[in-house]
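The values are calculated or read from the model by the stated rules, or taken from the named source; none is laboratory data. Every value quoted in this text rests on a predicted model; they were computed, and no experiment measured them. For neighbour counting, all protein chains shown are included, and Cβ atoms are generated from backbone atoms with ideal geometry for every residue, glycine included. Accessible surface is based on the protein model in full, side chains and every heavy atom, while ligands, DNA and RNA are left aside. Shrake-Rupley method; radii C 1.70, N 1.55, O 1.52, S 1.80 Å.
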Amino acid sequence: TVLRAKPATVLIISEVSAAVTLNCGGGSQTVTPAAFRETGTGWFIDPSGWVITNGHVVQPAHETPRWLVNQLAQRAVTTACLAPALTAAGLQSGDRPDAEDAVKRRVLDKVLPTVKVTITPQVSVVLSSGTRLKAEVKKYSPPASTEPGAPSARDLALLRVPEGNYPVLALADSTPVQIGDPIRILGFPGVVLSHELLNQSASVDASVTTGAVSGLKQDKANH
């Protein structure tokens, strides 16, 4: 059962890259900071190319939050402007952390208000073969929120990849499930994806964990 299920289990990558136009004082330049990346697990529910995953996995690329845009802008400003500012202040990186932090705050306060950020969001599906496919978010329900007045959310996303004939894990009826039933969880833990001792195959080979149903819970909207 596990060997049949693993090919249908896929790695989801939600990535936001940016081009930041800024001026440290010597003229306009464009900087591309390291992209923001969120990963998670999904699986094919239809052989033609329909994939289901959690809403929070694709959220950064599907509805990029303002804090993420600000984070990318700060990375760009720090990368381009901090070293010259430290040199001008007679400092070297790591010598005097407090003084360096003060210079960094001054640089951010001066440069950030004038930056222009152009983001490029993308959602990808990585197959067990290592093939990476561009995905389109067709249906989306945001993660649940504790904010007052926030709408009820299911934290789900339905993705579409190019037409094909993919292995499938069909949705099942959860009504008969009871506490204590044995389960197997397939997925891509973040610690595995980023572990420095593992080779590239670890990022396409789903891990399998055994357990049991520990509880059946509903949210405040009885979902």
- request: Give the number of residues within the stretch 158-172 that are at pLDDT below 90 and open to solvent by 100 Å² or more (accessible area, probe 1.4 Å).
  value: 1
task: Return the pairs, sorted by first residue and then second, in which the second residue is at pLDDT 95 or above and among the small types (Gly, Ala, Ser), the first residue lies in the stretch 118-135 and is on the phi > 0 side of the Ramachandran plot and surrounded by fewer than 18 Cβ atoms within 10 Å (Cβ to Cβ), the beta carbons are less than 8 Å apart, and the residues are 6+ apart or on different chains.
output: none
task: Would you kindly identify the strands (runs of 3 or more DSSP E) lying entirely within the stretch 1-84 that contain at least 2 residues that are touching a residue at least 12 places away in the same chain (Cβ under 8 Å) and in contact with a strand residue (DSSP E or B) (Cβ under 6 Å, 6 or more places away or on another chain)?
output: 9-23, 36-46, 50-54
field: Residue ID - surrounded by the fewest Cβ atoms within 10 Å (Cβ to Cβ), chosen from residues in the stretch 52-100 that are among the aliphatic types (A, V, I, L, M), under 30 Å from Leu186 (Cβ atoms) and touching a Pro at 6+ places or on another chain (Cβ under 7 Å)
entry: Leu68
Single residue of the stretch 8-43 satisfying the filter (open to solvent by less than 10 Å² (accessible area, probe 1.4 Å) and more than 19 Å from the chain's Cα centre (by Cα)) that is farthest from Ala83 (Cα to Cα): Ala8
